[in-house]
Structures are given as structure tokens and as C-alpha cells.
Amino acid sequence: MSIPILGQTPSSDSTTLHTDDLTPEQREALAKMADEHPPAEDEIGTPVTTAFLVAVGLDGAVVATSDLTQKFVPRRGATPDDIYGAVAVVQKDLTVMETAQRTQQQMMMVGQAMQRQAQEAQLRASLKL
């Protein structure tokens, strides 16, 4: 089974995203999600699990959004270089965000450990009196 990449038809010879490697449990979960969230009758388009948009602004800034109601007016069609470049920027931004979150968590853990050590030192000092 394969899913066409955005903007491509299932019959085209272009690259597709293959889902053959999904486990039976994953396929069952996808089917359950589709049953639980059927498309409204007025929805037009290809049913997908989720969607987001990556756009390159006129100034070269990359914008990734899940708000599909935003209106974008492309000046030209995307080239493979546009796609690879924009995806690389988004991936780097996500990596930076994840690293910042991990760093913050580590700093909190170190702070908590230092606080515990200080409390233990106070307790030891009070017991020696």
C-alpha cells in the first residue's frame, strides 16, 4: 500500500510514501482513527491523517503551520531544492526546540538535586548541634 505525496496522483510514477512496513496493530489503529473521525460530507479533497503546510516566504523565511485556513499565494511552483531546503530548516528548528526543552529539564533536575543536597546538609548540621 502506498500514499501519494502531496500534489501527486496515485497513478503517477512519482515517489510515494510506502506504508507496507506498518504492523497490523498500527494498521488497526489507523483504521480505528478513520472510523472515529470520518470526514464531513462537505469536505473536498484527499482524506489524510493530518496535514500541515511548509511555505517559503518572499524573504526566504520558512514557515511551518498546521493552520490550513491561512491563505498563501505562491509566486511559482515548488522545486525539489525548495522542498529539501524548507524541510531541512523545519527539521533543524524542531531539533533546536527539543534540545532547549531537554536542557531546561536537565537544569531543573540539577536545581532540584542541589536543593535536596542543601536540605540534607542543613539537616546534618542541625543534628550535630
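Run Thr65 past the list (1) open to solvent by less than 60 Å² (accessible area, probe 1.4 Å); (2) more than 30 Å from Glu36 (Cβ to Cβ); (3) not aliphatic (A, V, I, L, M) and report the number of the one that doesn't hold.
Going through the list (1) open to solvent by less than 60 Å² (accessible area, probe 1.4 Å); (2) more than 30 Å from Glu36 (Cβ to Cβ); (3) not aliphatic (A, V, I, L, M), Thr65 breaks only (2).
Pairs needed: first member in the range 12-39, under 24 Å from Ile83 (Cβ atoms); second member anywhere, among the polar types (S, T, N, Q) and modelled with pLDDT of 75 or more; C-beta distance under 6 Å; at least 6 residues apart or different chains.
Pairs found: none.
Does Thr49 qualify as being in contact with a helix residue (DSSP H, G or I) (Cβ under 8 Å, 6 or more places away or on another chain) and either among the hydroxyl-bearing types (Ser, Thr, Tyr) or surrounded by fewer than 10 Cβ atoms within 10 Å (Cβ to Cβ) (or both)?
Values: in contact with a helix residue (DSSP H, G or I) (Cβ under 8 Å, 6 or more places away or on another chain): yes; either among the hydroxyl-bearing types (Ser, Thr, Tyr) or surrounded by fewer than 10 Cβ atoms within 10 Å (Cβ to Cβ) (or both): yes.
Answer is yes for this residue.
Which is of a type outside the set (Gly, Ala, Ser) and modelled with pLDDT under 90, of Thr50, Thr99?
Of Thr50, Thr99, the one residue that is of a type outside the set (Gly, Ala, Ser) and modelled with pLDDT under 90 is Thr50.
State whether one or more residues within the range 76-98 are hydrophobic (A, V, I, L, M, F, W, C), open to solvent by 100 Å² or more (accessible area, probe 1.4 Å), touching a Ser or Thr at 6+ places or on another chain (Cβ under 9 Å) and on the phi < 0 side of the Ramachandran plot.
So far as the range 76-98 goes, no, none of its residues is hydrophobic (A, V, I, L, M, F, W, C), open to solvent by 100 Å² or more (accessible area, probe 1.4 Å), touching a Ser or Thr at 6+ places or on another chain (Cβ under 9 Å) and on the phi < 0 side of the Ramachandran plot.
The values are calculated or read from the model by the stated rules, or taken from the named source; none is laboratory data. For clarity, every value in this text was computed on a predicted model and none was experimentally measured. Note that we place each Cβ from the backbone using ideal geometry, even for glycine, and neighbour counts take in every protein chain shown. All accessible areas refer to the heavy atoms of the entire protein, side chains included, with ligands and DNA or RNA removed. Shrake-Rupley method; radii C 1.70, N 1.55, O 1.52, S 1.80 Å.
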